[in-house]
Amino acid sequence: MNKFIAVIFLSFLISSCITTKDLTYFQGDPVLKTEIQKLSNQPYRLQINDIVSIDIKAEDNTLVSLFKTSELGGDLYFNGYTVNRHGNIRIPYLGEINVLGYTETEAREKVEKELSAYFKNSKSLFVNLKLAGIKFTVTGEVGSPGTKHLMQNQVSIVEAIANAGEIPTTGNKKEVTIIRKTIDGVQKFTLDLTDIAVFDSEHFYIQPNDVIYVSPLYQKTLGTGTTALQTFTTLVSVLSFVASSVILIKNL
């Protein structure tokens, strides 16, 4: 009986510990370039609540200033152009222009076309339209959950996690889920950050307004500890409590 209890104890102790494989990022060897498949590189299409910055230049600076909300360089939440719930951005004198589902290039060309009617020399007109950074939300087992905003054109899943305070020992690096709302509906992708192959995933770079969820490891649910010592201490405490209870009951 004592041997049976010892086996059960050791089995539970081992299974309750978090292994190195569950903790280490990017395991394995990189795939040779000749073996890497061509990844999907579809341009991002503007969604509701995106903020774009629009810079306009032309020979007539006075006329150009009429179409600007303010000078660039300030807070883009106030100075940028937000895609509203109808998919439009609102530009002075031009009114509302629908850009929902457009790429940055397509949206720029549409704004240029609208503006060209106001300029005698439309060839001198220069428009630069781009996303005002990438906003995303990280939740679950991370050090600093919340909504993040990086002033970059591209953000990888690694950068997103790093900006959320990293994944603690109790987080499941093998199940990092990206939830993405698009025009076609909600999409869901799962990445394994312990595998070096994640760098070749078509979802390695996140998109604006993505929600990233890191699920907990089952050891956290068990509450047995994240290391062998913690698990051992917990089990000893439980067994001590059980033994004390048995002795107390016998003495009643």
### Task
Using the structure shown, decide if Leu193 is among the hydrophobic types (A, V, I, L, M, F, W, C), in the same structural domain as Asn88 (by TED's automatic domain parsing) and not in a strand (DSSP E or B).
no
### Task
Considering only residues that are free of Cβ contacts under 8 Å to residues at least 24 places away in the same chain and closer than 21 Å to Phe78 by Cβ, look in segment 112-159 and name the one that is surrounded by the fewest Cβ atoms within 10 Å (Cβ to Cβ).
Met151
### Task
Show the residue pairs that are 6+ apart or on different chains and have beta-carbon atoms under 6 Å apart, the first residue being within segment 58-69 and more than 19 Å from Arg90 (Cβ to Cβ), the second being not in a loop (DSSP other than H, G, I, E, B).
Ala58/Val64; Ala58/Ser124; Glu59/Ser124
### Message
Quick check on Ala107: is it without any contact (Cβ under 8 Å) to a residue 24 or more places away in the chain, out of contact with any Cys (no Cβ under 8 Å at 6 or more places or on another chain) and more than 30 Å from Val176 (Cα to Cα)?
### Response
no
### Task
For segment 196-215, name all the residues that are part of a strand (DSSP E or B) and farther than 17 Å from His149 by Cα.
Val214, Ser215
### Members of segment 44-76 that are at pLDDT below 85 and assigned to a loop (DSSP other than H, G, I, E, B)
Lys68, Thr69, Ser70, Glu71, Leu72, Gly73, Gly74, Asp75
### Summary
From the option list Ile167, Ile212, single residue qualifying as at pLDDT below 95, in contact with a helix residue (DSSP H, G or I) (Cβ under 7 Å, 6 or more places away or on another chain) and closer than 29 Å to Gly133 by Cβ is Ile167
### Search result, residues across segment 210-219 that are out of contact with any Phe, Trp or Tyr (no Cβ under 6 Å at 6 or more places or on another chain) and crowded, with 18+ Cβ neighbours inside 10 Å
Val211, Ile212, Tyr213, Val214, Leu217, Gln219
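The values are calculated or read from the model by the stated rules, or taken from the named source; none is laboratory data. Since we're looking at a predicted model, the values are computed, not measured. Neighbour counts run over all protein chains shown; Cβ positions are idealised from the backbone, glycine included.
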